[in-house]
Amino acid sequence: MIAVLCAMKSELAEVVSRMSEVEVFEHLEREYHLGKIAGRDVVAAECGIGKVASAVVCAMMIEKYHPELLINVGVAGGCRDFENTMDVVIADQLTYHDWNNLVINDQPNGFAHNQYVFESDREINELAVRAFPENCRSRIYVGPIVSGDTFVTLRQDVDRILKDYSEAYACDMESASIAHCCSAYQTGYLILRSLSDIVIRENNGLDFVEFCQRAAAQAAELLVNFIRLYSERK
C-alpha cells in the first residue's frame, strides 16, 4: 500500500478526486480515504498544518497501514528568485529552519552539521522526475526543502532562512517532520511540492490565493503519474 499525506483539505480533495473505489474510515478522530490510483492500493489523509500535526498523523498512518512508501504531496513557498509559481520541488534533503543548531550543539546552522537532516531516496526522486509531463511549462527541481512552524510571507524571513540554509529551494510547515517520522519508522518517502507562491516577490500574498488550488491540482496529477510509473517498475 502507498500512503499519501496532505496538509490541507484542498490538497487532499485533489488527491481523493483522482482515486477510485474510495471508502472512508475513521481512526482516532481522523478520516482515512482508502481506494486505488493506477490500480494500486492507496490510503490518503489530511494531517493538518505544522510540524507536530504532520508528524502525529504520519506516525498514525504508518502504524495502522504499514505502507511501503509514504508520499507527502501539496504546495510550498518558493525561496529563490529563479523560481516561478507552479514550478515543482522534489526534496532530496530536508531539515528544520527554526531549529537553532548553534545554541543546542554549538555548531553552525545549516545542512552540514545538523543532526536533523533527512536524505530522500535518489531512485524514488528520479522516478518522480520522470512523472513530470514533457509538455508542461512548469519547471521541476530536485533540491532541499526546509520546514518550520511559521507561515513564511516576508522577504526578511526568507533572507534569514537562506542565510543559514542557502541551498533551500522551498519552505513549508510539514515536509521535514514527515521525513523525520518516516526515517524513524524506516519507511520510504517522497516529498513532492508544487510552488503556490514565491515568497520574495512583492505580490506574494496575491499569488498564494490565486495559485494555491492550481498548484495542489498539479501536485496531485504528478502523484498519479508517479504511482503509475512506480507500479510499472514493481
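Only the coordinates and a few stated rules stand behind these numbers; no lab work does. Note that the structure is a prediction, hence the values are computed from the model and not measured. Positions of Cβ are generated from backbone atoms using ideal geometry, with glycine treated the same way; all protein chains shown enter the neighbour counts.
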Here, region 27-98 modelled as identical Cα point scatterers in vacuum has Debye log10 I(q)/I(0) at q = 0.11, 0.22, 0.24, 0.28 Å⁻¹ of -0.38, -1.16, -1.25, -1.43
Amide H neighbours of Val4 under 5 Å, at least 5 residues apart or on other chains, H built in the peptide plane: list them. Val43, Ala44, Ala45, Ile71
Selection from Val117, Leu192, Phe25 lying farthest towards where the dipole of the chain points positive, charges on Cβ: Leu192
Listed by chain and number, the residues whose amide H is under 5 Å from that of Tyr141, excluding neighbours fewer than 5 places away on the same chain and using placed H, are Val88, Val89, Ile90
As a test of understanding, state the convex hull volume per residue of region 86-214 from its alpha carbons, in Å³. 111
As a percent rounded to 5, the proportion of antiparallel DSSP bridges among beta bridges in region 1-72 is 55
Going by how many other Cβ atoms sit within 10 Å of their own, how do Ser138, Ser196, Ser166 line up, fewest first? Ser166, Ser138, Ser196
Could you check the simple spin-label distance between Asn100 and Val129, using points 7 Å along Cα→Cβ, in nm with one decimal? 3.8
Using the Karplus equation 6.51 cos²θ - 1.76 cosθ + 1.60 (θ = phi - 60°), what ³J(HN,Hα) coupling, rounded to whole Hz, does each residue of region 178-190 give in order, writing x for Gly and Pro? 5, 4, 4, 5, 4, 4, 5, 8, 6, 10, x, 8, 9
Could you tell me what percent of the DSSP beta bridges with both partners in the chain are antiparallel, to the nearest 5? 40
Cys residues of the chain with no disulfide-compatible partner (no other Cys Cβ under 4.7 Å) are Cys6, Cys47, Cys79, Cys136, Cys171, Cys182, Cys212
Please compute the alpha carbon radius of gyration of region 1-134, then divide it by the globular-protein estimate 2.2 N^0.38 Å. Two decimals is fine. 1.18
Across the alpha-carbon set of the chain, Rg over Rh with Rh taken as the Kirkwood radius works out to 0.95
Mean separation of Cα contacts under 8 Å (at least 6 apart) over the residue count of region 72-128, i.e. the relative contact order in percent, is 34
